[in-house]
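Report on one structure; see the data block that follows.
What follows draws every value from the coordinates through simple rules; no lab data is involved. For clarity, every value in this text was computed on a predicted model and none was experimentally measured. Quick reminder, even Gly has a Cβ in these numbers, built from the backbone with ideal geometry, and neighbours come from all protein chains shown.
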């Protein structure tokens, strides 16, 4: 990665205890105005952000190891993205592509056709959120195949809308009490090397057998899967698992959908995580890192599938908003200029050995896994594989008190996930990981 001129000092600096008085005052105001169902991971309120730091309303500078859940890969205020947003907003902020189209939408579609795996003819549709992208990928698959059944997996997360809740595995907090859910969704066991001990081929054979017995190949419209599961615990399937599923899907006319909402756009050390497994999805869903923090999502897939949908069957008022498209084009250019896939691999090379050393030293980390700048530790009780969500929560809270923002995840609530901005500097990253290591060693006893 070439050198970056950061706007804010890239250092951890605490001037108050956390949360500070202004954050506490905002929390009081929030309780009177914001729905209780909207949660936040940390009780501090952002005032500024740049590179790998977030400055809160009390003036504390925190190390960001979450990137707004893998969104601000190029930083939260990269000057090229900010300039592109301002320039587009000064011309027009909205037209609705379904009414008066604009070039930005077309340019984003061209970029995604070039970046996503596969050399076949592709078509793209733009939306606002990852859940919208997933919903529309399923719509395309069902219409194109004339089938209804959709296969999802244990530990999956695909969104919070009705259909995507049905696809998502974990009940609380995502699904509990919100049913009934969309029908014809079938859940199968995921490859989870730490917990199932199966090879990729064995895990795939198990899943395929269940599809054929419980659903029938001729009834399945799509298989949807995250190449590395996100909210479910950053689970990296065993080698060969995804390839075997994709091959079976191709043989039986089943649409293979890769949900790359969290894994896409250089996060795992490749433009898309599917590349690590040598698979070419029929449809890729994208969001999060696509536009430097602006709301934008997309599906890009085989033209012969996507173009089966009748005119008006896909779209939305804000889908492909011109300001969001401008941000996406600028973000993609920054990713190229800085070679952020390579930067993600460098982050993995710097951080993974430290996590493994920490696992060996403490006895409370059952597994260290991930790719690129999408890394995780699974916390367990000593000398067992029993999940320890209480320790996980305590680690995140203590790290925050020392100025490091961490995210947790996992079906069992026992995974610390690391999603630093890809533009984070080496010294700041080392400081953040150092704090994490200190906290884990102290709390592990």
- Query: In the Gaussian network model of the chain, springs joining C-alpha atoms below 10 Å, which of 109, 32, 246 carries the largest mean-square fluctuation?
  - Reply: 32
- Note on the structure: Over all directions, the stretch 373-445 yields a Cα convex hull whose mean projected area in nm² is 4.8
- Task: Kindly provide the helix-only [θ] at 222 nm of the chain, computed as the sum of -39,500 (n - 2.57) over DSSP H runs of four or more divided by all residues, to the nearest 500 deg cm²/dmol?
- Result: -11500 deg cm²/dmol
- Message: For a test of the definition: using alpha carbon positions, the gyration tensor, and the 1.5 limit on a/c, classify the stretch 245-313 as rounded, prolate or oblate.
- Response: oblate
- Computed over the chain, the convex hull of the Cα set has an average projected area, in nm², of 20.9
- Per the 1/(1 + (r/R0)^6) rule, R0 = 30 Å and r from the Cβ atoms of residue 99 and residue 184, FRET efficiency to 0.05 is 0.35
- Message: Using Cβ counts within 10 Å as a stand-in for footprinting exposure, how do 57, 15 rank, fewest first?
- Response: 15, 57
- Message: From Cα pairs below 8 angstrom and at least 6 apart in sequence, can you work out the relative contact order of the stretch 81-338, rounded to a whole percent?
- Response: 31
- Query: Restricting the count to DSSP beta bridges whose residues both fall in the chain, what percent are antiparallel, rounded to a multiple of 5?
  - Reply: 65
- Message: Please report the equivalent ellipsoid semi-axes of the stretch 81-338, computed as sqrt(5 x eigenvalue) of the Cα gyration tensor, largest first, in whole Å.
- Response: 30, 19, 17
- Message: Taking the number of other C-beta atoms within 10 Å as the exposure measure, put 355, 26 in order starting with the fewest.
- Response: 26, 355
- Which order do 409, 96 fall in if you start with the one that has the fewest other Cβ atoms within 10 Å? 96, 409
- Message: What whole-number volume per residue, in cubic angstrom, does the convex hull of the C-alpha atoms of the stretch 63-170 give?
- Response: 172
- Query: Hey, how many Å between the Cα centroid of the stretch 247-302 and the Cα centroid of the stretch 376-404?
  - Reply: 30
- Could you give me the percent of Cα pairs per 5 Å distance bin for the stretch 293-371, shortest bin first, beginning at zero and ending with the bin that holds the maximum distance? 3, 11, 13, 12, 12, 12, 11, 11, 8, 5, 3, 1
- log₁₀ of I(q)/I(0) at q = 0.21 Å⁻¹ - the stretch 248-382, Debye sum with one point per alpha carbon: -1.22
- Distance between the stretch 218-239 and the stretch 316-373 - C-alpha centres, whole angstrom: 19
- Query: Which peptide among 294-303, 167-176, 273-282 comes first, and what is the full order, when sorted by highest mean count of other Cβ atoms within 10 Å?
  - Reply: 294-303, 273-282, 167-176
- Message: Just want to confirm a number: the relative contact order over the stretch 345-445, from Cα pairs under 8 angstrom separated by 6+ residues, in percent.
- Response: 26
